Each structure stands twice: as C-alpha cells, then as structure tokens.
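To start, the structure itself, in structure tokens.
Bear in mind that the values in this text are calculations on the coordinates, not laboratory data. Not measured: the values here are computed from a predicted model. Cβ placement follows ideal geometry from the backbone for every residue including glycine, while neighbour counts extend to all protein chains displayed.
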Protein chains: 2
Amino acid sequence: MAKWKRRADARPDELAAAALALCAERGVHATRVADVAERAGVTVGTIYRYYRDKDELIDAALAHSPRPERKLPVSDRPGATLPALSESLRRWAAFLQAQGLQPLRVAMSDPQRGARAPRGVIADAMREIEGIVQSGIARNEIRADLPATEVARALVGALVLDAMLGEDAAATDISADVLSALATRGLRPDGPSWRSAGT
Amino acid sequence: MAKWKRRADARPDELAAAALALCAERGVHATRVADVAERAGVTVGTIYRYYRDKDELIDAALAHSPRPERKLPVSDRPGATLPALSESLRRWAAFLQAQGLQPLRVAMSDPQRGARAPRGVIADAMREIEGIVQSGIARNEIRADLPATEVARALVGALVLDAMLGEDAAATDISADVLSALATRGLRPDGPSWRSAGT
DNA sequence: CAGTTAAGTAAGTGATCAGTTATTATCTCG
DNA sequence: CGAGATAATAACTGATCACTTACTTAACTG
C-alpha cells in the first residue's frame, strides 16, 4: 500500500483552498506555510513545487476563492424590481454568511496585499445590486434622486458587516429581510408592514 | 545639548499611538517592534520598559484608540427623530473616515486578537443609532415593525464599508446623505426628494 | 553639585519560519 | 516489467525578529 500519491493536477487547487481557509481564520502572517501543507495532507516542499513562494500561494488562494452561482435575471413584469432586489439581497447575505467573506478576511489581514488585490466579492455584489437599482429607476419603480452606486454601496455594506459580526445563519436571514424592507419602504411609520407585503 | 529626553509620562501613549497607526496601515504582524520604536523616535529597548511584550503594546494601542466626541442628545420636539438620525449618521461617517477605522483595521489584520477584542467603535455607533431608532419608534416617528437592532446594524454596516472603500472625505459626506435619505424614505418613487427635505 | 535613580541606548541572542537540497517513492510508457 | 521522469518527502539553512543584557546619560534630591 502506497505511502502517498502523486496528484499533480489536483494539488494546486487543494493547496490554495487550504491556504484560503487557514488565512481567513488566522490571518495571512499568522499562517505558516507548514500549516497549509499539513492541512492539505502534504509536506512543505510540495507547496514549493507548485508555487514560487508564499506570496504566490496566497494570490492563488484569493484568485480561486468561491464565487456565487450566477444571478437570476430581473423579470420584465411591472413591479418586479423591488422583489428582485429583496431576492438578490437575501442570496448575497446567504453566500457571504456561508463562505463569501473568506477572501475579504484574508485581504484585510494583510493590508499590503489588500491594497493591490481586487475587491472581488464586494465588487460583484455591488455591481449586481446597482444594476437592479438602475433598472428600477428606468422603469420608475425606484426613486430617481438617489445615485444607484451609493445605494448599492450602502446595501452591500450592511450585508458585509452583518456577515462579519454574524452569529448564525438564521440571524443573517432576518437581517436580509429587514434590510430589504428598510431599503424599499424606509423608516417612516406609514405604509404596510414588512411581513405582510411580498418577498 | 541633550541627545535624548526622559519622558516617562508621555512615552506610553506615544508608543501606543505609533503602534496603532503603523498596525492599521500594515497589519499587526507586518509591523515590527523596531518600526514602532523608530516612528516614536526611540529605540526598541524603550518599548520594553513600558510594555511587557508586543502583544501588550497592541492591546494598549487598541484600548487608547480614539473615540468620537459625545453625541448630542435627541431633541424632544416632535419630528426631531429623523433629522437626529441624519445628523448622527453624518457625524459617524466623518469620524470613521478620519480615524475611526484604525482600531478596526488593526483587529481585522489579526483575527486571533480580533476575536477577543471588543468591537469598540462599531458597537458605539450601533448603540447610538439603535437608541435613536428606538426613541423614534416610541414617539411613532419610525415604523415599529422593524427591529431597531437590525436597523442599526444595517446602517452602521453601510457607514463602515463606505469608510473602508472610502476615497475622499467629500464622497463620504455624500454617502452619509444618501444613506439617511435611503433610511428615512426608502427607495419607492413617491415622496419628496432627499435634497429638498431637511438635513 | 555630588550621588542616586531610572530612562534611554546599542549590541547581542535564541527561536521561528520561508524557502532549499538531497533523496526516495510513485507513476508512465516503450 | 523496468527505466526514465517527476511528485513527494525529510532534513537543513540562512534571515528575520521579538526580546535581553550591559552599559550610558539625563534628571532629581538632600
């Protein structure tokens, strides 16, 4: 029975995944290359067969970090904008809660890299939300006097902090609901309750 | 003329401040004790006269991190809630932009510490906003069906991400305006514009 | 203004860790 | 099946860095 296996094709991704997980939880500098190796069931030397140095390994980890499955397109039916926004918020909240923050955590644990690294997930989320808001404005289902970019940034910011502080998944779910109610109807006391009116 | 000065009372804070600034910008682990010493115009040994080890220095830096000047109390006049909320958001935005994120950056650069460290600024901001929302609910100026805690978290989240990605101060100012408009009136197209109706 | 206290310095020191090297074990293919 | 070729290992190495130690110098005090 073999002591170890040659798996030249599978290794790189496994190593990157191990690095991502460890760095997200301990920070880049507190993560030893040997730790990554151990988690991947391998020794240090192996890592250096696939990556020039630790830096390149981390870059790969960030590059291969998970992206959410693609968004549903916004329906053309009148009145579809706000429900679509809610749905999008809920999906992003779930994704961030589950795993989406890993690359962000890694980037924040090493500001030098964070500066040169792309904002990945956050940028994706903001793009999607901004798109929905803009289409809503075009169809007169969202007030036109707020800049879509800022709105998207605010909403995504809320999602991100929520996931960061995030306790359990249930709490995140509620937050997403509250956030979409907040966004669609604001804080003013008039108007229907957020529970009664639509997903 | 003296080569150096004895300043036993001023040193500890200076050292903590230097550590905070450097760690916020480079991350805790990328910041060398010697760097902190140099920025404080001192040599390494001096640091160890005041702090047992690097860890204690960083803890002190976090503990001494700046807090905003105290909030104005919310007026009792009817209709004062929403303007107070706007004002609060704008103040926190400005503070976070200027310096308030330093401790957060430090904490995020070292997740081990971040876990045991208090959330400081963020908690403060959330407490204040939540208080305003609750008093608004009590006076029927804010809809009662949204949990104040979640609302506060969402708003603060937006502020924080904004400051994190934050370009210049002007942008932050706009964001705070947009956020408060979003919060008070929501995205629905009816109702007055955010520019025309009250600070 | 000595003489003592303590703040500061400068030059180590040992441990840790990224990256290497020499070697061994597993595949691949004629 | 056996002979490269190469994936993986185990043991090293040199640099870096947190922390120390021995000494220097500024300030206080009777």
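From the Kirkwood radius over Cα pairs of the protein assembly as shown, Stokes-Einstein at 4 °C and 1.567 mPa s returns a whole-number translational diffusion coefficient of 56 µm²/s.
Computed over segment A:33-72, the quotient of the alpha carbon radius of gyration and 2.2 N^0.38 Å is 1.47. The base-10 log of I(q)/I(0) for segment B:81-145, evaluated at q = 0.12, 0.27 Å⁻¹, reads -0.41, -1.07 [Debye formula, identical scatterers on Cα atoms, solvent excluded]. For chain B, averaging the sequence separation of C-alpha pairs within contact (under 8 Å, six or more residues apart) and dividing by the residue count gives a relative contact order of 23 percent.
Among residues other than residue B:153 whose Cβ falls under 10 Å from its Cβ, what is the net charge (Lys/Arg +1, Asp/Glu -1)?
Here the count lands on -3.
Copy-to-copy label distances for residue A:140, where each label lies 7 Å from Cα along Cα-to-Cβ, are 3.4 nm in order of increasing length.
Other protein chain C-beta atoms within 10 Å of residue C-beta, averaged over A:163-175: 2. Summarise the long-distance tail of P(r) for segment B:1-44 by giving the % of C-alpha pairs beyond 13 Å. Of all Cα-Cα distances in segment B:1-44, 52 percent exceed 13 Å.
The residues B:1, A:126, when put in order of fewest to most other Cβ atoms within 10 Å, stand as B:1, A:126. Each other copy places its own label point for residue A:170 at 4.9 nm from this one, sorted shortest first, where the point lies 7 Å along the Cα-to-beta carbon line.
Within the listed set A:97, A:134, A:112, the Gaussian network model of chain A (springs between alpha-carbon atoms below 10 Å) gives the highest mean-square fluctuation for A:112. Only helices enter this figure: runs of n ≥ 4 DSSP H residues, each worth -39500 (n - 2.57), summed and divided by the residues of chain A, yield -19500 deg cm²/dmol at 222 nm to the nearest 500.
The alpha carbon radius of gyration of segment B:122-181, expressed as a multiple of 2.2 N^0.38 Å, is 1.20. Counting, for every residue in A:20-30, the Cβ atoms of other protein chains within 10 Å of its Cβ and taking the mean gives 3. Nearest 10 degrees, 0 to 90: what angle lies between the long axis of helix B:11-26 and the longest principal axis of chain B (Cα atoms)? Helix B:11-26 sits at roughly 60 degrees to that axis. Take residue B:35, move 7 Å from Cα toward the beta carbon, and the resulting point lies 1.9 nm from the same point in each other copy, nearest first. Against chain B, whose longest principal axis comes from its Cα atoms, helix B:120-138 is set at around 20 degrees. Considering only A:26, A:52, A:139, the Gaussian network model of chain A with Cα springs below 10 Å gives its largest mean-square fluctuation to A:52. Taking the dipole about the Cα centre of chain B, with the C-beta of Lys and Arg at +1 and of Asp and Glu at -1, give me whichever of B:156, B:33, B:114 is farthest to the positive side. So the residue furthest toward the plus end is B:33. In whole angstrom, segment A:24-112 maps to an equivalent ellipsoid with semi-axes of 37, 13, 11, each derived as √(5λ) from the alpha carbon gyration tensor and ordered largest first. What you get for the protein assembly as shown, charging only the Cβ of Lys and Arg (+1) and of Asp and Glu (-1), is a dipole of about 840 debye around the Cα centre. Building the convex hull from the alpha-carbon atoms of segment B:80-199 and averaging its projection over directions returns 7.9 nm².
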